[in-house]
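**Student:** Please read through the structure below; I'll follow up with questions.
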Amino acid sequence: MSESTPVRWQPDRSKKLPPWPVPRLWTALCRGAAGTCPACGGTRLFRRFLKVEPVCAKCTAPLGLARADDAPPYFTIVVVGHIVVPLMMVVERTWTPDLWIHSAIFIPLSLGLAIGLLQPIKGMTVGVMTALGMLTDAGPG
């Protein structure tokens, strides 16, 4: 091929469609937040607190191939920080409590929010990955 010939990318149309239902993005987000399979919504998404089921028992979607890695903790930290820091500033400006009172209020609040939001945020991350086809090793077949 000479240098003057432009290279045109063409999608690989030989790939088969996945054998499971591919949901719309909003549907996958809502199902993931609820802890159900993002593809069908018929079974649970998590085997343990943060361990994703390898395969959906109902629609055979390979949920275990969704490599969420560090994204859910990062998103959780961002959300919790945007809730706790403004509250902390409002409490400080309004009442000016001692440091131990701040600690007694905001450390348990931060921990509770982080633990409570981590699973739904991971479910939404897996849902987005399922809807966008970002499942690793999920080639044709």
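**Student:** Pull up all non-local amide H partners of Ala61: gap of 5 or more, or a different chain, and H-to-H distance under 5 Å with H placed in the peptide plane.
**Tutor:** The answer is Cys56.
**Student:** Related question: Please grab the % of Cα pairs in region 88-141 that end up more than 15 Å from each other. Don't skip to the answer; put the middle values down first.
**Tutor:** Working: 940 of 1431 pairs.
Across region 88-141, Cα pairs with separations above 15 Å total 66 percent.
**Student:** Kyte-Doolittle mean at least 0.0 and Cα extent at least 20 Å along the axis: which DSSP H helices of the chain qualify? Please report the intermediate quantities before stating the final value.
**Tutor:** Working: long enough: 71-95 (36 Å, 1.22); 99-131 (45 Å, 1.41).
Qualifying helices, which must be both long enough and hydrophobic enough, are 71-95, 99-131.
**Student:** Between Leu25, Leu99, Leu118, which gets the highest mean-square fluctuation from a Gaussian network model of the chain, Cα cutoff 10 Å?
**Tutor:** In this elastic network of the chain, the residue with the biggest mean-square fluctuation among Leu25, Leu99, Leu118 is Leu99.
**Student:** Still on this structure, please answer the following. Quote the relative contact order of region 15-123 in percent (integer), defining contacts as alpha-carbon pairs under 8 Å separated by 6+ residues.
**Tutor:** Relative contact order comes out at 29 percent.
**Student:** With all distinct Cα pairs included, what does the Kirkwood hydrodynamic radius of the chain come out to in Å, to one decimal, could you say? Intermediate values should be presented prior to the final figure.
**Tutor:** Values: mean 1/r = 0.0567 Å⁻¹.
It is 17.6 Å.
**Student:** Tell me which cysteines of the chain come out unpaired when the rule is another cysteine's Cβ under 4.7 Å.
**Tutor:** Singleton cysteines: Cys30.
**Student:** If you take the beta carbon distance between Val91 and Arg44 as r and set R0 to 35 Å, what does 1/(1 + (r/R0)^6) give as a FRET efficiency, to the nearest 0.05?
**Tutor:** On the way: r = 38 Å, r/R0 = 1.09.
Working from the Cβ atoms, E equals 0.40.
**Student:** If amide H atoms are built 1.01 Å from N in the plane of the peptide, which residues on other chains or at least 5 residues away come under 5 Å of the amide H of Phe46?
**Tutor:** Those lying under 5 Å, H to H, from Phe46 are Glu53.
The numbers here are math on the coordinates, done by the rules we state, and not lab data. No experiment lies behind these values; they were computed from the predicted model shown. As a convention, Cβ positions derive from the backbone with ideal geometry for all residues, glycine included, and neighbour counts pool all protein chains shown.
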